[in-house]
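Colleague: Sharing a structure here in structure tokens format.
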2 protein chains.
Amino acid sequence: MSKATIYDVARAANVSIKTVSRVLNGEPKASPETRARVMEAARTLNYTPSLSARALSGSRSFLIALVSPGGVSDNAMLYVTELQLGAIQACRAGGYHLLTEYVDLGASDFGALTETLVSTLRVDGVILIPPLCDNPQLLSLLADRGVNCVRISPTLDTHGDEKWGWGVDIDNYQAAFQMTRHLMDQGHRDIGFIQGHPLHAAAAQREAGYRDALFDGGAIPERLIQPGMFTFDSALPAARALLGQKQRPTAIFAANDSMAMAVLSVAYRMGIPVPGALSVAGIDDLPAASVVCPPLTTVRQPVVEMGAAAARFIINRTAGQVGNYLKQVFDHSLVVRESTAPPA
Amino acid sequence: MSKATIYDVARAANVSIKTVSRVLNGEPKASPETRARVMEAARTLNYTPSLSARALSGSRSFLIALVSPGGVSDNAMLYVTELQLGAIQACRAGGYHLLTEYVDLGASDFGALTETLVSTLRVDGVILIPPLCDNPQLLSLLADRGVNCVRISPTLDTHGDEKWGWGVDIDNYQAAFQMTRHLMDQGHRDIGFIQGHPLHAAAAQREAGYRDALFDGGAIPERLIQPGMFTFDSALPAARALLGQKQRPTAIFAANDSMAMAVLSVAYRMGIPVPGALSVAGIDDLPAASVVCPPLTTVRQPVVEMGAAAARFIINRTAGQVGNYLKQVFDHSLVVRESTAPPA
DNA sequence: TTGTAAGCGTTATCAT
DNA sequence: ATGATAACGCTTACAA
């Protein structure tokens, strides 16, 4: 009924608690016979070790914190759910558990957050969601305390310094390049672009991919490029500017899905049929992307896998394995749905 | 640099560790003077107590687990993010932390999950997302171990038995009733309805609200009511059935937003203008609801608040306060956007 | 290969 | 009002 302890197992298996500990932690020294006896005892007693006790005594807490920026209401944040799913799966596989914490970017006390993470929780690592993963203050606070950080789609250039943590990302340049080429393959030449948040490196990389793909011999008229902030609302004026031109583009490529949906919305209001008179594309493959009308052509990031890789990195690192790569780049894939078609 | 312990604080304040513990836990017996000295010492030392140590020694772990069903890819699950946000906020306010766990509904070992929650993590409570919150096996496993459960939008009737946990919900009947009336106020009489998952009590309650509002004197032709499962895909055939009728309804009310979006999608493909020739409404106010074309009229649940209330309940419960209410019903609100309008 | 004993940093039980 | 001291359940030296 009440929880079994290591002593109960030791007694049942007729060994010392140390032996139980050894067996359960997979340490080498233990005779197969003893090992079997201990395993058996643990199973029948329904024993699972106490995390608190392990953490208090050992050097690991078996806890990973996923830290997201609070106060973000845009649905761009939705991929966090998938990231979390991947992280949880990896945690389970490694006997770890995932804590979720939010930080308000505005009036936030990164010092207190760090203290909580390090002293109270003693987490074995932290997964940072953008734009937290690019906050130099938070990053250095964590680095000073020796916390393993994994940054999701990191922007801030760490100049190869490992102390700033490890990162997972896709090749944003290639993703945008390929999407632009997809549009061009369909016959589009007048392709508008809505930029992402200027402080986010992914934004610049995506714009570069667009520019390089489109350039291909001729200069790009600046009227085709409009500013955005990665949010739905920020793309509304950009879409209006693009679609209000006398010679309006036959396609618009937004730097992410939230903004592409804004384009869809503006086109809808202006009575411009998509993809009949306008093709629209984004990047991210948000859950909503397949549900809007028409379903959005976009680039899919393996977000679940990225979350799992992030957690795995921390787990391996804590277990002593030293992965010395500073960033892992994942494969993306073009998802062609109905929002893109050859121009009329 | 390295973490301060209660001993460091005791030494700095020139008291015993017990006194430090007392002061920090707000226990009554402590002279104001001593209290001030301890607080001061704790502040300057940047001391935060170790969760592991507290959990190991005391009766609380300061941990709450949010358990979601895994393998759910429908965007209906998106409100979990908001629920989580609320729960985290409440946790922070109470010195708690939120763990997230997933369970695969298919091949899931609820016993192992329970053991992890109870023995390994020793969580102070569990928040259960539908349809987990209605799984009798899991529920009784947790109840047997004395785990505080909070069920989100619970379905399974617990006949007022407190051991099955507490619940948070909205008044689904009223929500559907009001939405139907909104449609009727606009002049609609031929209002189609897409049902929710048959095993989910909210589905039945919403249907009842719809029926009662619409009935109002005359019987409801069964052709107006089509089956659905709360998912986008499940509502596609239902929408087609409704819109394929010679005398098609002038409005469709889907039991949730995911399905309402499916209606939008089918109408789009059939060339039926919304809201010109068809009004569409849902329930939930998913993040995507405001982004689709046209923006969806729906019912908003205070999901963030519900998450916070769930966590708060567990925290208060663990702290000894006995809230003996079995369910808290939150206010919903009609969100009228552009997908509903008077019939032509 | 196995066992003993000493922490880990708290809370809780007694005294004082 | 305050302080020793014993748990709590484990890992980690250090022996045997």
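Colleague: From A:GLY111, A:GLY26, A:GLY86, A:GLY106, which residue is modelled with pLDDT under 90 and away from DNA strand D (no atom under 16 Å from the Cβ)?
Modeller: Values: A:GLY111 fails: modelled with pLDDT under 90; A:GLY26 fails: away from DNA strand D (no atom under 16 Å from the Cβ); A:GLY86 fails: modelled with pLDDT under 90.
Just one listed residue meets the conditions, A:GLY106.
Colleague: Further question on the same structure: Residues to consider are B:ARG269, B:ARG337; find the one that is part of a loop (DSSP other than H, G, I, E, B), at pLDDT 90 or above and basic (Lys, Arg).
Modeller: On the way: B:ARG269 fails: part of a loop (DSSP other than H, G, I, E, B).
Checking each option against the conditions leaves just B:ARG337.
Colleague: Among the residues of the stretch A:180-205, which ones are under 21 Å from the mean Cα position of the chain (by Cα) and either at pLDDT 95 or above or not in a helix (DSSP H, G or I) (or both)?
Modeller: Just the residues of the stretch A:180-205 that are under 21 Å from the mean Cα position of the chain (by Cα), to begin with: A:195-205.
Answer for the stretch A:180-205, where residues must be under 21 Å from the mean Cα position of the chain (by Cα) and either at pLDDT 95 or above or not in a helix (DSSP H, G or I) (or both): A:GLN195, A:GLY196, A:HIS197, A:PRO198, A:LEU199, A:HIS200.
Colleague: I would also like to ask the following. Could you give every pair whose Cβ atoms fall below 7 Å, whose first residue belongs to the stretch B:41-70 and is free of Cβ contacts under 8 Å to residues at least 40 places away in the same chain, and whose second residue is assigned to a strand (DSSP E or B) and of a type outside the set (Val, Ile, Thr), counting only separations of at least 6 or pairs across chains?
Modeller: Final answer for the pair search is B:GLY70/B:TYR102; B:GLY70/B:ASP104.
Colleague: Kindly indicate whether any position in the stretch A:193-206 is surrounded by fewer than 20 Cβ atoms within 10 Å (Cβ to Cβ) and touching a Leu at 6+ places or on another chain (Cβ under 8 Å).
Modeller: Here is the first cut: in the stretch A:193-206, the residues surrounded by fewer than 20 Cβ atoms within 10 Å (Cβ to Cβ) are A:198-199, A:201, A:204.
Now drop any that are not touching a Leu at 6+ places or on another chain (Cβ under 8 Å), which leaves A:201.
Within the stretch A:193-206, one or more residues are surrounded by fewer than 20 Cβ atoms within 10 Å (Cβ to Cβ) and touching a Leu at 6+ places or on another chain (Cβ under 8 Å).
Colleague: Got a sec? Which of B:ALA53, B:ALA65 is surrounded by 20 or more Cβ atoms within 10 Å (Cβ to Cβ) and either touching a Gly at 6+ places or on another chain (Cβ under 9 Å) or on the phi < 0 side of the Ramachandran plot (or both)?
Modeller: On the way: B:ALA53 fails: surrounded by 20 or more Cβ atoms within 10 Å (Cβ to Cβ).
So the residue among B:ALA53, B:ALA65 that is surrounded by 20 or more Cβ atoms within 10 Å (Cβ to Cβ) and either touching a Gly at 6+ places or on another chain (Cβ under 9 Å) or on the phi < 0 side of the Ramachandran plot (or both) is B:ALA65.
Colleague: Quick one: how many residues across the stretch B:113-129 are closer than 15 Å to B:ALA87 by Cβ and of a type outside the set (Val, Ile, Thr)? Show your work before the answer.
Modeller: Residues of the stretch B:113-129 closer than 15 Å to B:ALA87 by Cβ: B:123-129.
Still in the list and also of a type outside the set (Val, Ile, Thr): B:124-125, B:128.
Residues meeting the conditions: 3.
Colleague: Can you find a residue in the stretch B:2-23 that is in contact with a Phe, Trp or Tyr (Cβ under 6 Å, 6 or more places away or on another chain) and either within 9 Å of another protein chain (Cβ to nearest Cβ) or touching a residue at least 24 places away in the same chain (Cβ under 8 Å) (or both)?
Modeller: yes
Colleague: Let me ask something additional. Report yes if A:LEU286 is within 12 Å of chain B (Cβ to nearest Cβ), open to solvent by less than 30 Å² (accessible area, probe 1.4 Å) and more than 20 Å from A:ILE225 (Cβ to Cβ), otherwise no. Give the derivation first.
Modeller: Values: within 12 Å of chain B (Cβ to nearest Cβ): yes; open to solvent by less than 30 Å² (accessible area, probe 1.4 Å): yes; more than 20 Å from A:ILE225 (Cβ to Cβ): yes.
Taking the combined requirement at face value, the residue satisfies it.
Colleague: Considering only the stretch A:277-322, how many residues are among the polar types (S, T, N, Q) and more than 19 Å from the chain's Cα centre (by Cα)? Give the steps one after another, and end with the answer.
Modeller: Step one: list which residues in the stretch A:277-322 are among the polar types (S, T, N, Q), which gives A:279, A:290, A:297-298, A:301, A:316, A:318, A:321.
This time we only want the ones that are more than 19 Å from the chain's Cα centre (by Cα), so: A:279, A:290, A:297, A:318, A:321.
Of the residues in that region, 5 qualify.
Colleague: Another question, then. Quick one: how many residues across the stretch A:3-23 are more than 8 Å from DNA strand D (Cβ to nearest atom) and under 19 Å from B:THR114 (Cβ atoms)? Give the steps one after another, and end with the answer.
Modeller: The first filter runs over the stretch A:3-23 and keeps only residues more than 8 Å from DNA strand D (Cβ to nearest atom), leaving A:10-16, A:19, A:23.
Then keep just the ones that are under 19 Å from B:THR114 (Cβ atoms); that gives none.
Looking only at that region, the number is 0.
Colleague: Let me ask something additional. Please verify whether A:ASN46 is within 14 Å of another protein chain (Cβ to nearest Cβ) and modelled with pLDDT of 90 or more, treating the condition exactly as stated. Walk me through it before giving the result.
Modeller: On the way: within 14 Å of another protein chain (Cβ to nearest Cβ): yes; modelled with pLDDT of 90 or more: yes.
Spelling it out, A:ASN46 is indeed within 14 Å of another protein chain (Cβ to nearest Cβ) and modelled with pLDDT of 90 or more.
Colleague: For the condition crowded, with 24+ Cβ neighbours inside 10 Å and either at pLDDT below 95 or not in a strand (DSSP E or B) (or both), what is the one hit in A:GLY228, A:GLY276?
Modeller: Values: A:GLY276 fails: crowded, with 24+ Cβ neighbours inside 10 Å.
Within the list A:GLY228, A:GLY276, the selection yields A:GLY228.
Colleague: Follow-up question, since we're still on this one. Taking B:GLY187 as the residue in question, decide whether it is open to solvent by 30 Å² or more (accessible area, probe 1.4 Å) and out of contact with any Cys (no Cβ under 8 Å at 6 or more places or on another chain). First the steps, then the outcome.
Modeller: Numbers: open to solvent by 30 Å² or more (accessible area, probe 1.4 Å): yes; out of contact with any Cys (no Cβ under 8 Å at 6 or more places or on another chain): yes.
Yes: the conditions hold for B:GLY187.
Colleague: Which count do you get for residues in the stretch A:90-115 that are within 8 Å of chain B (Cβ to nearest Cβ) and buried (at least 20 other Cβ atoms within 10 Å of the Cβ)?
Modeller: 6
Colleague: Do you know which residues across the stretch A:114-133 are of a type in the set (D, E, K, R) and modelled with pLDDT of 95 or more? First the steps, then the outcome.
Modeller: Of the residues in the stretch A:114-133, the ones of a type in the set (D, E, K, R) are A:115, A:122, A:124.
Once the filter is applied, which keeps residues that are of a type in the set (D, E, K, R) and modelled with pLDDT of 95 or more, the stretch A:114-133 yields A:ARG122, A:ASP124.
Colleague: Going through B:SER57, B:SER52, B:SER73 one at a time, which residue ends up being at pLDDT below 90 and either within 13 Å of DNA strand C (Cβ to nearest atom) or out of contact with any strand residue (DSSP E or B) (no Cβ under 7 Å at 6 or more places or on another chain) (or both)?
Modeller: Details: B:SER57 fails: at pLDDT below 90; B:SER52 fails: at pLDDT below 90.
After ruling out the rest, the residue left standing is B:SER73.
Colleague: Then there's this: Could we say that A:MET270 is hydrophobic (A, V, I, L, M, F, W, C), in contact with a helix residue (DSSP H, G or I) (Cβ under 9 Å, 6 or more places away or on another chain) and within 14 Å of another protein chain (Cβ to nearest Cβ) here? Full working, then the answer.
Modeller: Details: hydrophobic (A, V, I, L, M, F, W, C): yes; in contact with a helix residue (DSSP H, G or I) (Cβ under 9 Å, 6 or more places away or on another chain): yes; within 14 Å of another protein chain (Cβ to nearest Cβ): yes.
When the stated conditions are applied, A:MET270 passes them.
Colleague: Restricting the search to the stretch B:7-48, which residues are open to solvent by 80 Å² or more (accessible area, probe 1.4 Å), within 10 Å of DNA strand C (Cβ to nearest atom) and in contact with a helix residue (DSSP H, G or I) (Cβ under 8 Å, 6 or more places away or on another chain)?
Modeller: If the condition is that a residue be open to solvent by 80 Å² or more (accessible area, probe 1.4 Å), within 10 Å of DNA strand C (Cβ to nearest atom) and in contact with a helix residue (DSSP H, G or I) (Cβ under 8 Å, 6 or more places away or on another chain), then B:TYR7, B:LYS29 are the ones that fit.
Colleague: Another question, then. Please list, ordered by first then second residue, the pairs with beta carbon atoms under 7 Å, 6 or more apart or interchain, first in the stretch A:135-154 and of a type in the set (Gly, Ala, Ser), second in a loop (DSSP other than H, G, I, E, B).
Modeller: Final answer for the pair search is A:SER153/A:PRO130.
The values are calculated or read from the model by the stated rules, or taken from the named source; none is laboratory data. Since the structure is predicted, the reported quantities are computational estimates derived from the model, not experimental observations. Every residue, glycine among them, receives a Cβ derived from its backbone with ideal geometry; neighbour counts consider all protein chains shown. Please note that ligands, DNA and RNA were not included when accessible areas were found on the heavy atoms of the full protein model with its side chains. Shrake-Rupley method; radii C 1.70, N 1.55, O 1.52, S 1.80 Å.
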